[in-house]
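Single-structure report; data block below.
The values are calculated or read from the model by the stated rules, or taken from the named source; none is laboratory data. Here the structure is a predicted model, which is why all the values come from computation and not from measurement. When we count neighbours, we look across all protein chains shown, and the Cβ atoms used for this are built from the backbone with ideal geometry, even at glycine. Side chains are part of the model used for accessible areas, which takes the heavy atoms of the whole protein and leaves out ligands, DNA and RNA. Shrake-Rupley method; radii C 1.70, N 1.55, O 1.52, S 1.80 Å.
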Amino acid sequence: MESSACWGYSSAAVSPNGTIVATGSADGTVQLWDASTQRLLGGVAAHKKGVTGVVFSPNGRTMASASADGTAQLWDVATRRPVESPLAGHSRDIRAVAVSPDGRLLATVCGDGTVRLWDASLHRPLAQPYMAHGHRAISFVDHARVLVTSDSRGTVQTRDVASGRLLGSVRTATRKAPGFALTSPDGGVLAIASGGALQLWDARTFALRGTVFDRDVPVIVDAAFSPGGRYLAVAVRDGSLLIWDVGARRPTGPASINGDFGVITGVAYSPDGRVLALSSDDSTVRLWDPRTREIVGKPFAGHVQRAYSVAFDATGRMLAAGGQDGKVRLWSTDQHRSVNAELTGPVAHVYTVRFSPDGRTLVAAGIDGAAWLWDAASQSLIGAPLPTASAPAGDLQFSSDGRRLTTIDRKGVPTIWDVRDTVDQEAQLCARAGRSLTKKEWRQYASGLPFRELCP
């Protein structure tokens with residue numbers, strides 16, 4: 001699914017083939033841009049008030065825009081003409097819009113807390129609108145049969161798309177918006193952290209599967225499921241690490257870390273589950289064996305300020321960490337040494353790093369609100385940074401095939417980008433030219449981006 005939404009009056013979306021960028025603005029216009037040349041293809045006066053979301057259909061032929069005027073509009077991308085009349089019915093501003101993976105359904109969320117589902121081909125609403133309590137994010141799951149929403153009061157809901165029937169609902173222990181939510185690798189367990197509470201829920205029945213923490217003050221810094229989903233590693237603000245047995249519903253032992261270690265800021269399991277990578281506010285990254293509860297080898301150093309986030313590639317042989325200094329560093333876990341000086345791009349404070357499932361691409365995001373992509377092998381930047389609706393950027397997640405990247409901004413608004421086309425285009429350019437572009441060629445084909453060596 002391609003989706004884009006924002007709480008302010010600006011939004012952007014990339015077409016599925018990566019050739020067109022659509023932008024919406026406060027004056028109610030929608031503009032289309034050539035993604036490679038940044039040339040304006042055309043614009044339309046789409047709405048009477050600011051545009052709050054734009055999204056392409058999966059085939060890229062149709063685009064939907066949503067607005068603070070309470071309407072949504074479908075557009076023919078080729079002609080830039082509206083497809084019939086606007087979709088009206090909300091009493092207030094529309095705050096989010098999404099298209100199902102098959103392109104048949106459109107979902108809109110209004111500022112009054114209602115969700116409406118629309119038949120995109122027949123251009124009419126499906127069933128009656130239902131209350132979603134001002135939910136701030138929206139997505140489709142289970143092959144577009146289920147709609148998932150969450151709100152600022154800690155409510156997470158799933159609904160049947162065809163009927164609008166509520167399938168399940170949970171409230172966070174603190175009745176506040178989740179600080180973060182994780183799904184186990186098999187999709188069966190949902191971990192929701194809110195304030196000082198961390199609870200596990202059955203993702204299908206919404207039955208409570210256990211309470212890991214229930215504190216009066218925030219204590220949870222980060223968490224990660226093991227590859228098989230049997231364990232959940234939880235970093236605690238006091239510097240300790242808890243390993244929770246999901247099936248047994250209890251910790252495997254006391255929360256502890258052996259050795260002189262600062263407060264843990266990020267947690268990641270290796271692909272085989274044998275070690276955990278832990279980033280720390282002492283600027284280092286360490287490997288920790290959950291079976292022996294011992295630190296493995298010497299710390300990985302290089303950041304001049306605290307390290308925030310850590311991630312393994314698919315092989316487990318490469319480790320990446322982002323830091324407060326705005327740098328991303330890579331280490332070889334086999335040789336226990338640095339494999340790069342530093343990856344630059346973000347302004348400062350890299351909060352999140354992720355590898356694509358195939359390990360070819362590395363992405364990082366932080367305080368500047370943009371997601372930066374690098375080729376993991378050559379360590380060169382890929383394309384322009386991907387903006388989020390509001391800084392700083394939050395979580396990043398690749399799809400299982402690595403083609404799409406979901407970025408979450410500080411307000412919980414998701415944007416889904418097709419990144420594989422960008423990666424493939426650069427690889428194809430290198431293969432055809434057999435070399436990197438000259439500065440003159442760069443100005444012609446990559447205008448607006450800083451010059452760099454494109455090929456390894």
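Listed here are the residues, each with its yes/no results for (1) free of Cβ contacts under 8 Å to residues at least 24 places away in the same chain; (2) open to solvent by 60 Å² or more (accessible area, probe 1.4 Å); (3) assigned to a loop (DSSP other than H, G, I, E, B); (4) of a type outside the set (D, E, K, R).
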| site | (1), (2), (3), (4) |
| --- | --- |
| Ala268 | no, no, no, yes |
| Asp272 | no, yes, yes, no |
| Leu278 | no, no, no, yes |
| Arg286 | no, no, no, no |
| Arg291 | yes, yes, yes, no |
| Ile295 | no, no, no, yes |
| Lys298 | no, yes, no, no |
| Tyr308 | no, no, no, yes |
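Pairs needed: first member in the stretch 180-201, of a type in the set (Ser, Thr, Tyr) and in a loop (DSSP other than H, G, I, E, B); second member anywhere, crowded, with 18+ Cβ neighbours inside 10 Å and modelled with pLDDT of 80 or more; C-beta distance under 8 Å; at least 6 residues apart or different chains. Listed by first residue and then by second, the contacts come to Ser184/Leu190; Ser184/Ala191; Ser184/Phe225; Ser184/Val246.
If you go through the stretch 136-167, how many residues are assigned to a strand (DSSP E or B) and either modelled with pLDDT under 75 or open to solvent by 20 Å² or more (accessible area, probe 1.4 Å) (or both)? Going through the stretch 136-167 one residue at a time, the tally reaches 17.
Please determine, by comparing only the residues of the stretch 186-214 that are open to solvent by 80 Å² or more (accessible area, probe 1.4 Å) and at pLDDT below 80, which one is farthest from Leu396 (Cα to Cα). Within the stretch 186-214, the match that is farthest from Leu396 (Cα to Cα) is Arg204. For the stretch 331-340, the count of residues that are without any contact (Cβ under 8 Å) to a residue 24 or more places away in the chain, over 15 Å from Trp374 (Cβ atoms), aliphatic (A, V, I, L, M) and surrounded by fewer than 23 Cβ atoms within 10 Å (Cβ to Cβ) is zero. Entry remark, the stretch 65-80: residues being under 15 Å from Ala22 (Cβ atoms), touching a residue at least 12 places away in the same chain (Cβ under 8 Å) and open to solvent by 30 Å² or more (accessible area, probe 1.4 Å) number 3 in total. When each of Thr352, Thr388, Thr361 is tested for being within 24 Å of Thr183 (Cα to Cα), β-branched (Val, Ile, Thr) and modelled with pLDDT under 80, the lone residue that passes is Thr388.
Which one is least open to solvent (accessible area, probe 1.4 Å) among residues in the stretch 229-248 that are over 19 Å from Thr292 (Cα atoms) and among the small types (Gly, Ala, Ser)? Only one residue tops the list, namely Gly229. The set of residues in the stretch 83-128 that are open to solvent by 30 Å² or more (accessible area, probe 1.4 Å) and at pLDDT below 75 comprises Gly89, Ser91, Pro101, Asp102, Asp112, Ser121, Leu122, Arg124, Pro125, Leu126, Ala127, Gln128.
For the structure I just gave you, tell me whether Thr37 is under 24 Å from the mean Cα position of the chain (by Cα), farther than 20 Å from Ala96 by Cα and surrounded by fewer than 19 Cβ atoms within 10 Å (Cβ to Cβ). Talk me through it step by step, then tell me what you get.
On the way: under 24 Å from the mean Cα position of the chain (by Cα): no; farther than 20 Å from Ala96 by Cα: yes; surrounded by fewer than 19 Cβ atoms within 10 Å (Cβ to Cβ): yes.
Answer is no for this residue.
Within the stretch 203-230, being part of a strand (DSSP E or B) and among the small types (Gly, Ala, Ser) holds for Gly210, Ala223, Ala224.
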